[in-house]
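What follows is a set of notes on a single structure, which appears directly below.
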Amino acid sequence: MTRTPRAVTIVGASLAGLNAAEALRREGFDGPVTLIGAETHLPYDRPPLSKQVLAGDWEPERAALTDPEELEEDGIEARLGVRATALDLDARQLALHTGETVEFDGLVIATGARCRTMPGTEGIGGVHVLRSLDDCLALRADFEAMPQRVVVVGAGFIGAEVAATARGRGLDVTMVEALPTPLSRVLGDEMGEVCAEVHRDHGVDLRTAVGVESISGDGRVERVTLSDGSTIDADVVVVGIGVIPNTEWLDGSGLEVDDGVVCDASCLAADRVTAAGDVARWPNELFGETMRVEHWDNAAQQGAHAARRLLDAAAGPFTPVPWFWSDQYDRKIQLAGRVHGDDEVRVVTGSVDERRFAAIYGRAGRIVGVLGFNRPRHVMRYRALIEQGASFDEALAAEY
Amino acid sequence: MRIVVDFDLCESNAVCMQIAPDIFEVRDDDFLYILNETPGEADRARVEECVQRCPKQAISIAED
Ligand SMILES: Cc1cc2nc3c(=O)[nH]c(=O)nc-3n(C[C@H](O)[C@H](O)[C@H](O)COP(=O)(O)OP(=O)(O)OC[C@H]3O[C@@H](n4cnc5c(N)ncnc54)[C@H](O)[C@@H]3O)c2cc1C
Ligand code: SF4
């Protein structure tokens, strides 16, 4: 028996969770709304953590997404520093790490993801991951001590941004990537190579097609040993090798978990339970593909959709064109759509040599993605074509 | 309703332009231009969507 919840509890007080809470109010929901978050901070924005805050240009306060007054005005209760440890769907109860049990009616799961770590590096000083504000401030403090050599493990978007920010601080950076071409799985070889060149031009020592064997040091990190036997001296190491969705607390709840909380096309995971953001996996009907998306825009949109879905079964499927940006040096890189390494790629405007261009990706006759280097206007135009399901030929013929 | 953009925050990612191309435009110089600073009530829902979706929280609505 499905009905509209009388109260909504949101687990995970970050971008998706906060957007869910705000959307409930925007939609006129007037029951209690509670945000439960493991971090002690009020919701804050993560993108600046690898950019402005890490660079030292922003103090952390500037990354805040809300403040106590705003929450109070919206009637959103925030319970911070509290971790949910178990979910009982039959009793409709949550267990908290404090030992408390709380009842819920409607539930939004927005517990996001955490960084994958390198086994064996626990307890070695100077080895970092970057996900939370606390991670950022710890890394920033190490950067401020002007280390001799920073080693970034993984040349994905987070690693690339950390490398760029460290170079901006005048630090010596080596970046190690297991793939022959960074980002080739998300951008294809050709465009991945463009990203690699950007780093080399900015003085990053980029080592590709080589893995990391170990990270070692006496109390504090001293060296990184690579799979080809070579070693790199290091006094700060940042590991950026992807994230794992935070779903362990749902073990035994009966919810289906498969690299994320499995939802239907409308973000519903169970009766009066939805999921959103980095933790959610759902079939995106626009692409005919089940996906879990780790981007800012998706967390914000899906949070709002998950809230609407709780209030209204007619909220419909969630069918966004995934989109994200990454700022590296003076380049704003943006990617919209669902790109595979073997899609057809065509530059449609600008020049790759000048690193100011847009390229579109086609598969099975359809435009499925667009990549922009300092071409935000084009990215949004082509994103609209992707949304409309335009053919690749149509997109190639378009003039923007 | 008057649209206010904090250009110190805006990073020209054109999210607003995708929602309301008749009101916001990011031009080839990579700057955002407001094409219509005082849209009518009929546009309110779309402008509010822009306010909500702007990743930099750079857009606000002044009621004057
Ligand atoms: C450094 C960095 C830079 C980024 N830059 C960009 C960018 O430039 N562009 C872009 O598009 N995206 C970027 N992203 C990605 C974007 O920030 C994420 O997609 C977004 O934060 C996801 O939001 P979320 O709310 O789903 O999850 P999260 O932000 O991961 O939040 C989940 C929250 O839930 C809490 N939680 C977890 N488990 C529990 C539990 N059991 N009980 C209670 N609380 C719990 C966590 O502590 C956390 O606060 C970046 C991410 C990082 C880390
Ligand atoms: S969405 Fe915000 S940041 Fe992006 S162009 Fe518009 S005002 Fe600027």
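The values are calculated or read from the model by the stated rules, or taken from the named source; none is laboratory data. In this text the structure is predicted, and so the values were computed from the model without any measurement. Don't worry about glycine lacking a Cβ; one is built from the backbone with ideal geometry, like all the others, and counts go over all protein chains shown.
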Just to be sure before I move on: is A:Val273 crowded, with 23+ Cβ neighbours inside 10 Å and within 14 Å of chain B (Cβ to nearest Cβ) in the structure I sent? no
Given the condition within 22 Å of A:Glu213 (Cβ to Cβ) and part of a helix (DSSP H, G or I), answer yes or no: does some residue in region A:136-159 qualify? yes
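When only residues in region A:376-399 that are within 10 Å of another protein chain (Cβ to nearest Cβ) and either in contact (Cβ under 8 Å) with a residue 60 or more places away in the chain or within 16 Å of ligand 1 (Cβ to nearest atom) (or both) count, which is farthest from B:Cys54 (Cα to Cα)? Quick ask: steps written out before the conclusion?
Filtering region A:376-399 for residues within 10 Å of another protein chain (Cβ to nearest Cβ) gives A:376-381, A:383-384, A:387.
Restricting the remaining residues to those that are either in contact (Cβ under 8 Å) with a residue 60 or more places away in the chain or within 16 Å of ligand 1 (Cβ to nearest atom) (or both) gives A:376, A:379-380, A:383, A:387.
Details: A:Pro376: 13, A:Val379: 15, A:Met380: 13, A:Arg383: 16, A:Glu387: 19 Å.
So, considering only residues that are within 10 Å of another protein chain (Cβ to nearest Cβ) and either in contact (Cβ under 8 Å) with a residue 60 or more places away in the chain or within 16 Å of ligand 1 (Cβ to nearest atom) (or both), the one farthest from B:Cys54 (Cα to Cα) is A:Glu387.
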Return yes when A:Gly81 is away from ligand 2 (no atom under 16 Å from the Cβ), touching a residue at least 40 places away in the same chain (Cβ under 8 Å) and more than 14 Å from every other protein chain (Cβ to nearest Cβ) and no when it is not. yes
Tally of residues being closer than 14 Å to A:Ile386 by Cα, of a type outside the set (A, V, I, L, M) and touching a residue at least 40 places away in the same chain (Cβ under 8 Å) across region A:343-367: 1
Is it true that A:Gly123 is part of a loop (DSSP other than H, G, I, E, B), exposed (fewer than 14 other Cβ atoms within 10 Å of the Cβ) and not assigned by TED's automatic domain parsing to the domain that holds A:Asn19? yes
Residue match in region A:322-337 (condition: closer than 19 Å to A:Phe157 by Cα and away from chain B (no Cβ under 14 Å)): yes
Right, B:Ala14: away from every other protein chain (no Cβ under 11 Å), closer than 25 Å to A:Gln52 by Cα and within 16 Å of ligand 1 (Cβ to nearest atom) or not? no
For the list (1) part of a helix (DSSP H, G or I); (2) surrounded by fewer than 18 Cβ atoms within 10 Å (Cβ to Cβ), I need the number of the one condition that A:Ala300 fails. (2)
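What about B:Gln52, is it facing chain A (nearest Cβ under 8 Å), free of Cβ contacts under 8 Å to residues at least 12 places away in the same chain, within 16 Å of ligand 1 (Cβ to nearest atom) and under 17 Å from A:Gln334 (Cβ atoms)? It would help to see each step written out before you state the result.
Working: facing chain A (nearest Cβ under 8 Å): yes; free of Cβ contacts under 8 Å to residues at least 12 places away in the same chain: yes; within 16 Å of ligand 1 (Cβ to nearest atom): yes; under 17 Å from A:Gln334 (Cβ atoms): no.
It is false that B:Gln52 is facing chain A (nearest Cβ under 8 Å), free of Cβ contacts under 8 Å to residues at least 12 places away in the same chain, within 16 Å of ligand 1 (Cβ to nearest atom) and under 17 Å from A:Gln334 (Cβ atoms).
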For B:Arg2, the lone unmet condition from (1) within 13 Å of another protein chain (Cβ to nearest Cβ); (2) over 27 Å from A:Gln388 (Cβ atoms); (3) surrounded by 12 or more Cβ atoms within 10 Å (Cβ to Cβ) is (1)
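Could you grab me the full set of residues in region A:302-313 that are modelled with pLDDT of 95 or more and of a type outside the set (Lys, Arg)?
A:Gln302, A:Gly303, A:Ala304, A:His305, A:Ala306, A:Ala307, A:Leu310, A:Leu311, A:Asp312
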Quick check on this structure: which one of A:Arg356, A:Arg383, A:Arg366 is charged (D, E, K, R), more than 23 Å from the chain's Cα centre (by Cα) and either buried (at least 24 other Cβ atoms within 10 Å of the Cβ) or more than 30 Å from A:Ala166 (Cβ to Cβ) (or both)? A:Arg366
When the residues of region B:10-46 are filtered to those that are more than 20 Å from A:Trp323 (Cβ to Cβ) and β-branched (Val, Ile, Thr), which remaining residue is surrounded by the fewest Cβ atoms within 10 Å (Cβ to Cβ)? B:Thr38
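Filter the strands (runs of 3 or more DSSP E) completely within region B:1-57 down to those with at least 2 residues that are within 7 Å of ligand 2 (Cβ to nearest atom). Steps first, answer last, please.
Details: elements: B:2-5, B:24-26, B:32-34.
Answer list for region B:1-57: B:24-26.
Using the structure shown, decide if A:Leu130 is assigned by TED's automatic domain parsing to the domain that holds A:Leu255 and surrounded by 14 or more Cβ atoms within 10 Å (Cβ to Cβ). Don't jump to the end; show me each part of the working.
Numbers: assigned by TED's automatic domain parsing to the domain that holds A:Leu255: no; surrounded by 14 or more Cβ atoms within 10 Å (Cβ to Cβ): yes.
It is false that A:Leu130 is assigned by TED's automatic domain parsing to the domain that holds A:Leu255 and surrounded by 14 or more Cβ atoms within 10 Å (Cβ to Cβ).
Working carefully through the options A:Glu69, A:Glu73, A:Glu61, A:Glu27, find the one that is more than 30 Å from A:Ala314 (Cα to Cα) and over 25 Å from the mean Cα position of the chain (by Cα). Even if it seems obvious, please write down each step before you answer.
Values: A:Glu73 fails: more than 30 Å from A:Ala314 (Cα to Cα); A:Glu61 fails: over 25 Å from the mean Cα position of the chain (by Cα); A:Glu27 fails: more than 30 Å from A:Ala314 (Cα to Cα).
Only one candidate qualifies: A:Glu69.
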Which of the residues belonging to region B:1-11 are away from ligand 1 (no atom under 14 Å from the Cβ) and acidic (Asp, Glu)? B:Asp6, B:Asp8
Go over the candidates A:Val224, A:Val239, A:Val212, A:Val262 one by one and state the one that is more than 12 Å from ligand 1 (Cβ to nearest atom) and either within 30 Å of A:Thr2 (Cβ to Cβ) or within 14 Å of chain B (Cβ to nearest Cβ) (or both). A:Val262
Any chance you could count how many residues in region A:301-315 are closer than 16 Å to A:Ser14 by Cβ, of a type in the set (A, V, I, L, M, F, W, C) and either more than 18 Å from the chain's Cα centre (by Cα) or within 14 Å of chain B (Cβ to nearest Cβ) (or both)? 2
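Looking only at region A:118-141, filter to residues that are over 16 Å from A:Pro60 (Cα atoms) and of a type outside the set (A, V, I, L, M, F, W, C); which one of those is nearest to the chain's Cα centre (by Cα)? Quick ask: steps written out before the conclusion?
Just the residues of region A:118-141 that are over 16 Å from A:Pro60 (Cα atoms), to begin with: A:118-129.
Within this subset, residues satisfying the condition of being of a type outside the set (A, V, I, L, M, F, W, C) are A:119-123, A:125-126, A:128.
Details: A:Pro119: 22, A:Gly120: 25, A:Thr121: 23, A:Glu122: 23, A:Gly123: 26, A:Gly125: 26, A:Gly126: 23, A:His128: 17 Å.
Restricting to residues being over 16 Å from A:Pro60 (Cα atoms) and of a type outside the set (A, V, I, L, M, F, W, C), the top hit is A:His128.
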